[in-house]
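All remarks here apply to the structure that follows.
The values are calculated or read from the model by the stated rules, or taken from the named source; none is laboratory data. These numbers were taken from a predicted model, which means no experiment stands behind them. Neighbour counts are summed over all protein chains in view; Cβ atoms, including those assigned to glycine, are modelled from backbone coordinates with ideal geometry.
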Amino acid sequence: MSSFEIIMPKLGESVQEATITKMLVKLNDQVEEDDMLFEIATDKVDSEIPCPVDGKVIEIRFNEGDVVPVGEVVALIALGDVDDIDEPIAESTNDFAAESSTQESVESVSTSDIQSTSGRFYSPLVKSIAASENISVQELESISGNGIDGRVQKQDVLNFLAQRNASTVSAPAKEIAVSSEPAPTPVAEKPKVSMSIGAQDQIVEMDRMRRIIADHMVMSKQTSPHVTAMVEADVTDMVNWRNKVKDAFLKREGTKITFMPLIIEAVSKALREFPGVNASVDGYNVILRKNINIGVAVALPSGNLIVPVIKNSDQKNLIGLASDMNRLATDARNNKLGPDDISGGTFTISNFGSFKNVMGTPIINQPQVAILAVGTIEKKPAVVETPAGDAIVVRQKMFLSLSYDHRVVDGALGGAFLRKIADYLEDFDSNRAF
């Protein structure tokens, strides 16, 4: 009897593991091609994993809630004539599951303490090391992680142990002589906010996505020194053009034309002229990105936020940008985004105007170095020059605010880049074809 291995797929360039949130099959179930086997969640996207073959489930190596590295075998499917497999597979024959169960029972006390006390995510390996080395929850919380979104990795824990052991060994020596070596830097604990809870207050636990967003935002503020610059752009010609062509655009192309594709087009042009903003920071190295991939923050019905990415936006016309933007926004709200839809972004736009907000100071979406916020478009009186002299007229105005990483983007670069975006929007050709 031959079998087929169901492995944990790679769901994005930076994704190294995923959590099984729901197992949709059990041992001895017969499955057909494209039947869903299990649901998984990563720090970027949720997905259902389909079965690529017909057969019978003869082994399940992980349970719901397990964090599984990419490439690990999750289940085995027996191939061939599944009707010939009459004898049911017993749970006890799954050596891998039995071994995992035994290991879990040994560590259940300490790892469960970590899970219940801390709202921070720790992989099973990290929790196992913490349990075996008697690392307290408070110590684990104080470790600065170098993984995705500040996640604590194995090496981070080992570095902490080496530092703690060095501190312990050197303590007696200080009673005899002063060491010439500098003392280990103490690991600072995270500040805890003291608060009181009233009888009528309601406590709502963050869901998984909100925890990820919270950790990512804190990590970004700790990583990048944020500076925000603002300009007000006169977008009257752009508004008039969109109002003039929106019905014909929808009829001919089958998709709506909003202001966002026009803004993405302007940002893409500006990024080509200012490659220092289309970049990332790696230590003391600056990575200038070749491709221009613009992410647009989309609010979900749950109240959370996700950032789908338009790849190579500088190479697409307005029709392509509008089509991609509408598809990604719809898929985001229906939880149908794939891993590639939210990975690889090099710059992000946040639309504060969709909530009638005038302006905002957005937080940089790491590992990018800048993010643009666009405010609502309002009619305002403005002074314009005419052949007969200055006149006050009604114009359509919009605030643009750029938050940038002051480690690599200085005021001159950030200000010039933001001004260029405004120039492209203000110089919009109201007679252009689409």
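Of note:
- Pairs are defined by a Cβ separation below 8 Å, a sequence spacing of at least 6 or placement on different chains, a first member in the stretch 242-256 that is farther than 20 Å from L425 by Cα, and a second member that is at pLDDT 95 or above and part of a helix (DSSP H, G or I); the pairs so defined are E253/I319; E253/A322; E253/S323; T255/F249; T255/A322; T255/S323; T255/N326.
- Just one of the numbered conditions (1) of a type in the set (A, V, I, L, M); (2) part of a loop (DSSP other than H, G, I, E, B); (3) more than 20 Å from V218 (Cα to Cα) is not true of L328: (2).
- Residues of the stretch 262-302 satisfying the condition of being more than 22 Å from A412 (Cα to Cα), touching a Pro at 6+ places or on another chain (Cβ under 7 Å) and either modelled with pLDDT of 95 or more or not assigned by TED's automatic domain parsing to the domain that holds H406 (or both): G295, V296
- Of all residues in the stretch 186-225, those that are modelled with pLDDT of 90 or more and in contact with a helix residue (DSSP H, G or I) (Cβ under 6 Å, 6 or more places away or on another chain) total 1.
- The test for being acidic (D, E) and either assigned to a helix (DSSP H, G or I) or surrounded by 18 or more Cβ atoms within 10 Å (Cβ to Cβ) (or both) holds for D423.
- Wholly within the stretch 335-395, strands (runs of 3 or more DSSP E) carrying at least 2 residues that are farther than 12 Å from G295 by Cα and of a type in the set (K, R): 378-386
- Failed item in (1) within 23 Å of P225 (Cβ to Cβ); (2) part of a loop (DSSP other than H, G, I, E, B), with R432 passing the rest: (1)
- In the stretch 395-413, the residues that are of a type in the set (G, A, S) and under 23 Å from V383 (Cα atoms): S401
- First in the stretch 374-394 and modelled with pLDDT of 90 or more, second anywhere and in a loop (DSSP other than H, G, I, E, B), Cβ under 7 Å, 6 or more apart: G375/N357; G375/V358; G375/M359; T376/K356; T376/N357; T376/V358; I377/V235
- Residue within the stretch 303-318 that is assigned to a helix (DSSP H, G or I) and in contact with a Phe, Trp or Tyr (Cβ under 6 Å, 6 or more places away or on another chain) present: yes
- Listed by position, the strands (runs of 3 or more DSSP E) contained in the stretch 218-289 that have at least 2 residues being of a type in the set (D, E, K, R) and surrounded by 13 or more Cβ atoms within 10 Å (Cβ to Cβ) are 226-234.
- Per-region count, the stretch 396-420, residues outside any strand (DSSP E or B), within 20 Å of E265 (Cβ to Cβ) and not aliphatic (A, V, I, L, M): 3
- Scanning the stretch 20-63 for residues being in contact (Cβ under 8 Å) with a residue 60 or more places away in the chain and within 18 Å of R208 (Cβ to Cβ) gives a total of 7.
- Yes/no for G375 being surrounded by 21 or more Cβ atoms within 10 Å (Cβ to Cβ), touching a strand residue (DSSP E or B) at 6+ places or on another chain (Cβ under 6 Å) and of a type outside the set (D, E): yes
- Among (1) more than 24 Å from the chain's Cα centre (by Cα); (2) at negative phi, the one test that A297 misses: (1)
- Whether a residue is β-branched (V, I, T) and within 14 Å of L318 (Cα to Cα) was assessed, and T258 passes this test.
- Each residue in the stretch 127-146 was checked for being modelled with pLDDT under 75, within 21 Å of H216 (Cα to Cα) and crowded, with 18+ Cβ neighbours inside 10 Å, and 0 of them qualify.
- Odd one out for D410 among (1) charged (D, E, K, R); (2) in contact (Cβ under 8 Å) with a residue 24 or more places away in the chain; (3) within 20 Å of E273 (Cα to Cα): (2)
- Selection within the stretch 340-358 - surrounded by 18 or more Cβ atoms within 10 Å (Cβ to Cβ) and either among the hydrophobic types (A, V, I, L, M, F, W, C) or over 17 Å from T258 (Cα atoms) (or both): D341, I342, S343, G345, T346, F347, T348, I349, F352
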